[in-house]
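Q: The structure under discussion is supplied below as structure tokens; questions concerning it will follow.
The values are calculated or read from the model by the stated rules, or taken from the named source; none is laboratory data. Here the structure is a predicted model, which is why all the values come from computation and not from measurement. Every residue, glycine among them, receives a Cβ derived from its backbone with ideal geometry; neighbour counts consider all protein chains shown.
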Amino acid sequence: MTAADAHGPYGRVARRLVIVPGVFVALFTVWPAFATLRRGFDITAAITETGLRNTVLFTVWQATVSAALTLIVGLPVTWIVSRHEFVGRRIVRALTLVPFVLPTLVVGLAFRAVLPADLRSGVLPLVVAHVFLNVAVVVRVVGARWESQPRSFDEAAATLGAGAITRFRTVTLPMLRGSIAGAAGLVFMYCFTTYGAARVLAGPSRPVTETEIYRFAVLAGDMRAASALAVTQVVIVGAVLALTARGASHTSVPQRPLALRTAAPLRRFGVAIGAVLITVAFVLPIIGLVSRSIRVGDGFSPAAWRHAFGGAGALDVVSSLTASLTTAAAAATLSIMIGSLIAFAQVHAASRAAHGVATACEVIPVVVSAVVVGLGFLLAFRTSPFDWRGQWWLLPVSHAVVALPLVSRTVVASMRQIPADLRSAASTLGASPLRVLASIDASLLRRPIGAATALAALVSLGEFGASSLLSRRGNETLTMAVGRLLGRPGDVVQAQAFVAAVVLAALCLALVTVVDLATTLGQR
Amino acid sequence: MTTPGLEICGVTVSFNGSRVLTDVSLRVERGEIVAVLGPSGSGKSTLLRVIAGLVPASSGSVHVDGNDMSGIPTHRRGVGLVFQNNQLFPHLDVADNVAYGLRIARITAGQRRARVAALLALIGMSDHATRDVATLSGGEAARVALARSLATTPRILLLDEPLSGLDHDLRYSLAQELRRVIHAAGSTALLVTHDPLEAERIADRVVRLTELSSGTS
């Protein structure tokens, strides 16, 4: 196969188009990162100043504990939902994924609603919330591998004399190792860059880096400390991802679907108990969230809801909802356009330079957390000709940057799965490159691109980190409303924060359900 | 009369109400290689899986070396199974695949090395001990799978279309090698295949699956 064949019919176009995402990432990720680095390049501050150092150490510590516990809880959950077929399996599996779909701020609130008063803030609730949020990562990442692991490896080991535990230790675990390391790295990163849940649960005495960046930048106006923390965080996240991503791509296993079926009575009993426990654990916080929104003082009252929809009081749900939806629509559109171009160049570009640009566009946004994006925007876009602080579009652009890694990764993965031979076949049947793109790639990618767009919208709806640094008066999204209301006294006002959180959660779940239905219907 | 290496009596298997095997009986003497012929989908693989304990029989019995196998889990049966697609463990190299069962049987490292070396010599792959199994050709993978199953000297060796993935010429030369290796190991073996020529080249005796139902053989 020659180089030209390898790049197929799109090599040249892909090489030219890579300029678009290249400029976007340079302007909205690299330049803000540079502006932050310029102020915070003295990261020794994060090592020498006790306050900053303690924050970083505590953040690493809680993220490590959270990631370890998430694996301990997540692996049995994955085993139950991805290796067994039972009535309601799909529902139980979907339940484990719900917290990941919800904004972390909302999950934090849900935990505040169900935990007893003396456990509402501190390390414990934060770690528990992290486990709850990230079990989904283990179920998705490890489950995908586990489900596709042919049963016959297990059977081969059994015929060679290995019992159930030995089989798990010597066959299953080594084959899952890469995916477990990958999941652990992702979970660590999510817990390390925790913001929404930490704002609600960690409490003022145990700040994490993201909340501290927010506090320094917005409340204290200390950009130097904020930048030093931001740079330190980027370095640590980059290092962890580089280490674990290598592990994730290590073993390759032939994929084959597996018939799931329950077996021995003891195992069936264990799975049943587990499924019930999972259901309870994942439904309870959501019930807590809803019930808290209708509680005022000691009694129940729909006052908060009435006020919120009547436009009276501290929250105007309708206008916040509109702001959330427009922002999400703009951010998702932008993100999918840029993300698809990155993927297109990544998979098809004919020149090494174009390929390099695409890879940079894919990798750089990964290490920049939401709050760091917000801080970077704040620092980069304050002087002319880049003084864009007052522009309405800055918020959706920041959301698009936050969503970009997820979007481009999803699209790249599905683009790679299209066999080059399909294109060759279409070409030999007389299709021009444009025709091939329309008839082969576009139709095969319609569903993954739809899913990635919904993912971007989801990220935008729940986006709180960048938003809280870029917030302006007016045009307040639901997430920003929750953040603002929480800080204010009064029973009804507090209940209204939960009203906004319930509306937000419902919106996210509705979005996911619609996309899920569309994909399942599309498969028929 | 001596105890047979394998005795199957009236085995019936049903999945969700449909019968896959009906009243199958078969006797294999110790040290004998028997091939069962049948078209694909006739339940040949299921027969092997019943013997290995991977699939429960609805009725009937399986005896290995005179011992009733009912209720005994796969890993305590002492039955070797060479899978259709070999199922070599992708995370282990050639030698470690062959040594897998020896490790589980807690054979000491020294004896293990010697046994693996002998087996690799037997299949003509002494120079490939540290190779990644993903790089093996179809014929090499089939031989490694055979060596892995022979390593623990199973009381009976089951082979499920061991050569099905190979091209014509290699298939029949490897068939003779399989026969040589199995006999050299002194193993009792039951092979299932859809290819009469392959069956004849490997086995001492060839029977059709349809002949095994109710009464015959």
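Q: Please work out if B:Asp132 is within 12 Å of another protein chain (Cβ to nearest Cβ), more than 19 Å from B:Leu48 (Cβ to Cβ) and among the acidic types (Asp, Glu).
A: On the way: within 12 Å of another protein chain (Cβ to nearest Cβ): yes; more than 19 Å from B:Leu48 (Cβ to Cβ): yes; among the acidic types (Asp, Glu): yes.
Yes; evaluated as a whole, the condition is true for this residue.
Q: Is there any pair with a first residue in the stretch A:406-431 that is under 30 Å from A:Val366 (Cα atoms) and in the same structural domain as A:Leu455 (by TED's automatic domain parsing) and a second that is hydroxyl-bearing (Ser, Thr, Tyr) and surrounded by 11 or more Cβ atoms within 10 Å (Cβ to Cβ) whose Cβ atoms are under 6 Å apart and which are 6 or more apart or on different chains, and what are they?
A: Once the first residue is under 30 Å from A:Val366 (Cα atoms) and in the same structural domain as A:Leu455 (by TED's automatic domain parsing) and sits in the stretch A:406-431, its partners that are hydroxyl-bearing (Ser, Thr, Tyr) and surrounded by 11 or more Cβ atoms within 10 Å (Cβ to Cβ) give A:Val407/A:Ser335; A:Val411/A:Ser340.
Q: When only residues in the stretch B:79-92 that are in contact with a strand residue (DSSP E or B) (Cβ under 7 Å, 6 or more places away or on another chain) and either away from chain A (no Cβ under 14 Å) or part of a loop (DSSP other than H, G, I, E, B) (or both) count, which is farthest from B:Leu150 (Cα to Cα)? Give the derivation first.
A: First pass over the stretch B:79-92, keeping only residues in contact with a strand residue (DSSP E or B) (Cβ under 7 Å, 6 or more places away or on another chain): B:79-84.
Add one more test, that the residue is either away from chain A (no Cβ under 14 Å) or part of a loop (DSSP other than H, G, I, E, B) (or both), and what stays is B:83-84.
Working: B:Phe83: 13, B:Gln84: 16 Å.
The qualifying residue farthest from B:Leu150 (Cα to Cα) is B:Gln84.
Q: State yes or no: is A:Ile449 modelled with pLDDT of 85 or more, out of contact with any Asp or Glu (no Cβ under 8 Å at 6 or more places or on another chain) and more than 21 Å from A:Val106 (Cα to Cα)?
A: So A:Ile449 fits the description; yes.
Q: Still on this structure, I have one more. Report, by residue number, each residue of the stretch A:192-230 that is more than 20 Å from A:Val123 (Cβ to Cβ) and either part of a loop (DSSP other than H, G, I, E, B) or not hydrophobic (A, V, I, L, M, F, W, C) (or both).
A: Correct list: A:Gly221, A:Asp222, A:Arg224, A:Ser227.
Q: Within the stretch A:75-83, is even one residue of a type in the set (D, E, K, R), surrounded by fewer than 18 Cβ atoms within 10 Å (Cβ to Cβ) and more than 30 Å from A:Gly376 (Cα to Cα)?
A: no
Q: Any chance the stretch A:366-378 includes a residue that's over 18 Å from the mean Cα position of the chain (by Cα) and either more than 23 Å from A:Glu476 (Cα to Cα) or of a type outside the set (A, V, I, L, M) (or both)? Quick ask: steps written out before the conclusion?
A: The initial filter retains those residues of the stretch A:366-378 that are over 18 Å from the mean Cα position of the chain (by Cα), namely A:375-378.
Those still in the list that are either more than 23 Å from A:Glu476 (Cα to Cα) or of a type outside the set (A, V, I, L, M) (or both) too: A:376-377.
Within the stretch A:366-378 (the criterion being over 18 Å from the mean Cα position of the chain (by Cα) and either more than 23 Å from A:Glu476 (Cα to Cα) or of a type outside the set (A, V, I, L, M) (or both)), the answer is yes, since at least one residue qualifies.
Q: Hey, could you check the stretch B:61-76 for residues that are part of a loop (DSSP other than H, G, I, E, B) and farther than 21 Å from A:Gly163 by Cα and say which is nearest to the chain's Cα centre (by Cα)? If you could, list the steps in order and put the result at the bottom.
A: First, pick out the residues of the stretch B:61-76 that are part of a loop (DSSP other than H, G, I, E, B): B:65-66, B:69-73.
Checking the rest, the ones that are also farther than 21 Å from A:Gly163 by Cα come to B:65-66.
On the way: B:Asp65: 16, B:Gly66: 19 Å.
The qualifying residue nearest to the chain's Cα centre (by Cα) is B:Asp65.
Q: Which ranges mark the helices (runs of 4 or more DSSP H) fully within the stretch A:116-191 that have 2 or more residues being crowded, with 19+ Cβ neighbours inside 10 Å and of a type in the set (A, V, I, L, M, F, W, C)?
A: Helices (runs of 4 or more DSSP H) meeting the threshold: A:123-147, A:151-159.
Q: Exactly one condition in (1) under 26 Å from B:Arg179 (Cβ atoms); (2) more than 14 Å from chain A (Cβ to nearest Cβ) is false for B:Val64; which is it?
A: Failed condition: (2).
Q: Out of all the residues in the stretch A:338-352, which are touching a residue at least 60 places away in the same chain (Cβ under 8 Å) and either β-branched (Val, Ile, Thr) or in a helix (DSSP H, G or I) (or both)?
A: A:Ile338, A:Gly339, A:Ser340, A:Leu341, A:Ile342, A:Ala343, A:Phe344, A:Ala345, A:Gln346, A:Val347, A:His348
Q: From the residues in the stretch A:138-173 that are in contact with a Pro (Cβ under 9 Å, 6 or more places away or on another chain) and within 21 Å of A:Val77 (Cβ to Cβ), which one is nearest to the other protein chains (Cβ to nearest Cβ)?
A: In this case the residue turns out to be A:Ala164.
Q: For A:Ser369, indicate whether it is hydroxyl-bearing (Ser, Thr, Tyr) and in contact with a Gly (Cβ under 8 Å, 6 or more places away or on another chain). Working first, answer last.
A: Values: hydroxyl-bearing (Ser, Thr, Tyr): yes; in contact with a Gly (Cβ under 8 Å, 6 or more places away or on another chain): yes.
Yes, satisfied.
Q: Would you please list the contacts, defined by Cβ atoms under 8 Å and residues six or more apart or on different chains, that run from a residue in the stretch A:295-318 that is closer than 21 Å to A:Ala110 by Cα to a residue that is part of a strand (DSSP E or B) and modelled with pLDDT of 70 or more?
A: Going by the 8 Å Cβ cut-off, the qualifying pairs are A:Ser301/A:Arg295; A:Ala303/A:Val296; A:Ala304/A:Val296.
Q: Within the stretch B:93-106, which residues are at the interface with chain A (Cβ under 8 Å from one of its Cβ atoms) and in a loop (DSSP other than H, G, I, E, B)?
A: B:Ala105, the sole residue that qualifies.
Q: Let me ask another. Could you grab the pairs with beta carbons closer than 9 Å, sequence gap of 6+ or different chains, first residue in the stretch A:215-229 and in contact (Cβ under 8 Å) with a residue 40 or more places away in the chain, second one among the basic types (Lys, Arg)?
A: Close Cβ pairs satisfying both conditions: A:Met223/A:Arg39; A:Arg224/A:Arg39; A:Ala226/A:Arg39; A:Ala226/A:Arg215; A:Ser227/A:Arg38; A:Ser227/A:Arg39; A:Ala228/A:Arg39.
Q: Being in a helix (DSSP H, G or I) and over 18 Å from A:Phe464 (Cβ atoms) is the filter here; which residues of the stretch A:99-115 pass it?
A: A:Val114
Q: Can you go through B:Ala175, B:Ala121 and tell me which one is part of a helix (DSSP H, G or I) and touching an Asp or Glu at 6+ places or on another chain (Cβ under 7 Å)?
A: Being part of a helix (DSSP H, G or I) and touching an Asp or Glu at 6+ places or on another chain (Cβ under 7 Å) holds for just one of B:Ala175, B:Ala121, which is B:Ala175.
Q: B:Met69 versus (1) touching a His at 6+ places or on another chain (Cβ under 9 Å); (2) of a type outside the set (Phe, Trp, Tyr); (3) away from chain A (no Cβ under 14 Å): which is the lone unmet condition?
A: The one condition B:Met69 does not meet is (3).
Q: How many residues does the stretch A:143-167 hold that are over 14 Å from B:Ala52 (Cβ atoms) and at pLDDT below 90?
A: Number satisfying all stated conditions: 12.
Q: What about A:Arg151, is it under 21 Å from A:Pro365 (Cβ atoms) and of a type in the set (Lys, Arg)? Can you show your working first?
A: Details: under 21 Å from A:Pro365 (Cβ atoms): no; of a type in the set (Lys, Arg): yes.
When the stated conditions are applied, A:Arg151 does not pass them.
Q: Sticking with this structure for a sec: Can you tell me how many residues in the stretch B:55-68 are buried (at least 22 other Cβ atoms within 10 Å of the Cβ) and either more than 16 Å from B:Val20 (Cβ to Cβ) or not small (Gly, Ala, Ser) (or both)?
A: Residues flagged as buried (at least 22 other Cβ atoms within 10 Å of the Cβ) and either more than 16 Å from B:Val20 (Cβ to Cβ) or not small (Gly, Ala, Ser) (or both) within the stretch B:55-68 amount to 2.
Q: Quick check, is B:Ser149 more than 30 Å from B:Glu7 (Cβ to Cβ) and either surrounded by fewer than 16 Cβ atoms within 10 Å (Cβ to Cβ) or within 11 Å of chain A (Cβ to nearest Cβ) (or both)?
A: It is false that B:Ser149 is more than 30 Å from B:Glu7 (Cβ to Cβ) and either surrounded by fewer than 16 Cβ atoms within 10 Å (Cβ to Cβ) or within 11 Å of chain A (Cβ to nearest Cβ) (or both).
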